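What follows is a single structure, written as structure tokens, with notes after it.
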Amino acid sequence: MRLGQSAARTDAGRKRRGNEDSYVCRPPLFAIADGMGGARAGEVASALAAGALEEARARDGGEANVANLVREANRRVHERAATDAATSGMGTTMTLALVEGDGTVTIGHVGDSRAYRLRDERLEQLTDDHSLVAELVRRGELSPEAAEVHPQRSVITRALGTDPDVEVDAFSVEGRAGDLYLICSDGLSDMVDGVQIERILNTHRADLDAAAKELVQAANRAGGEDNITAIVFELVDGDPVVAHHEDEDTLHPEDRVSLPVPTEALPPGDTMVVSAADVRTALAESFEAPQAGIGRHVLALAVIVALAVLIVVLVVWGLAR
């Protein structure tokens, strides 16, 4: 068994000025890092995490080695955030897949970027989101449908860079010829549901570049609330996978301007991380947040309207003079 096609696409989306996603597409290693922090340099966090993987080259497989790769990425992000005031508070998700020589796919995962597998035309989510609403769903306190539109769906409970150590989900899945794997940031999974992702992958099964492009376009058609990144790769019959090809592409974002992340009532597409100690409190208050969030949005709108009226009055008055 060996790797077949692979493709990657990234896009800032329709609501963001910059792109805080980074990705690595260097067979047999594939990874996405979705930075958070806005003015606190989420783009720096994701680039540092991706750079750690790039330098490591991931020559050794196994769950322990994959977890160590993610921990090294965490160390670099946390060290930078702790020593550079301009990046204090930044963090990033990370989801990676390493294809072993026997076709086993080893996943390392922190945050709410996702890994999926398409097998026999059926899509399966391989990773569990480390997020507030995902925890509510697992506890049976929120339905999956309600989770998709919950105002706190971008509150994550685990990320790289926020603490010196990080808990990594590392696991292996048995690969089969014909399997198609997708790694994506939440800018895709929040905008495009599993049914539509499955349809797109099946439709473009023979052309993975077209599949990745269509996934990004679908997210933008749905609103493009956040940065969008998708990596797809396949397993096919043939000789075992080999070491990295040095000519494969790796992308790190350039310096970009982005809006600061509010600490409460997150608009769609914004991400914040809460510590494990705060999760219980957040869970208890989660169902009260929608009403509070609506009130804040109404207040903000009223302030904007009042400012606009004041500006018009001052301009008219100035012209009259």
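The values are calculated or read from the model by the stated rules, or taken from the named source; none is laboratory data. Just so it is clear, the structure is predicted and the values come from calculations on it, not from any experiment. FYI the Cβ positions are ideal-geometry reconstructions off the backbone, even for glycines, and counts take in every protein chain you see.
Structure data summary
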{"item": "Residue under evaluation residue 128, criteria (1) over 26 Å from residue 179 (Cβ atoms); (2) not in a helix (DSSP H, G or I), criterion not met", "result": "(1)"}
{"item": "Some residue of region 165-172 being touching a Ser or Thr at 6+ places or on another chain (Cβ under 9 Å) and either over 25 Å from residue 50 (Cα atoms) or part of a loop (DSSP other than H, G, I, E, B) (or both)", "result": "no"}
{"item": "Some residue of region 218-229 being surrounded by 14 or more Cβ atoms within 10 Å (Cβ to Cβ), of a type in the set (A, V, I, L, M), over 20 Å from residue 94 (Cβ atoms) and at pLDDT below 95", "result": "no"}
{"item": "Residues of region 22-45 classified as touching a Pro at 6+ places or on another chain (Cβ under 7 Å) and within 19 Å of residue 107 (Cα to Cα), total", "result": "1"}
{"item": "In region 230-246, the residues that are at pLDDT 95 or above and either farther than 22 Å from residue 125 by Cα or over 18 Å from the mean Cα position of the chain (by Cα) (or both)", "result": "234, 235, 236"}
{"item": "Hits in region 11-39 - residues which are under 11 Å from the mean Cα position of the chain (by Cα) and either part of a strand (DSSP E or B) or within 13 Å of residue 182 (Cα to Cα) (or both)", "result": "21, 22, 23, 31, 32, 33, 34, 35, 36"}
{"item": "Region 201-229: number of residues that are more than 16 Å from the chain's Cα centre (by Cα) and more than 19 Å from residue 127 (Cβ to Cβ)", "result": "17"}
{"item": "Meets criteria (touching a strand residue (DSSP E or B) at 6+ places or on another chain (Cβ under 6 Å) and either polar (S, T, N, Q) or over 22 Å from residue 63 (Cα atoms) (or both)) for residue 154", "result": "no"}
{"item": "Out of 51, 42, sole residue that is surrounded by fewer than 23 Cβ atoms within 10 Å (Cβ to Cβ), within 19 Å of the chain's Cα centre (by Cα) and either over 25 Å from residue 154 (Cβ atoms) or not aliphatic (A, V, I, L, M) (or both)", "result": "51"}
{"item": "Residue in region 153-162 that is at pLDDT 95 or above and either among the hydrophobic types (A, V, I, L, M, F, W, C) or not assigned by TED's automatic domain parsing to the domain that holds residue 100 (or both) present", "result": "yes"}
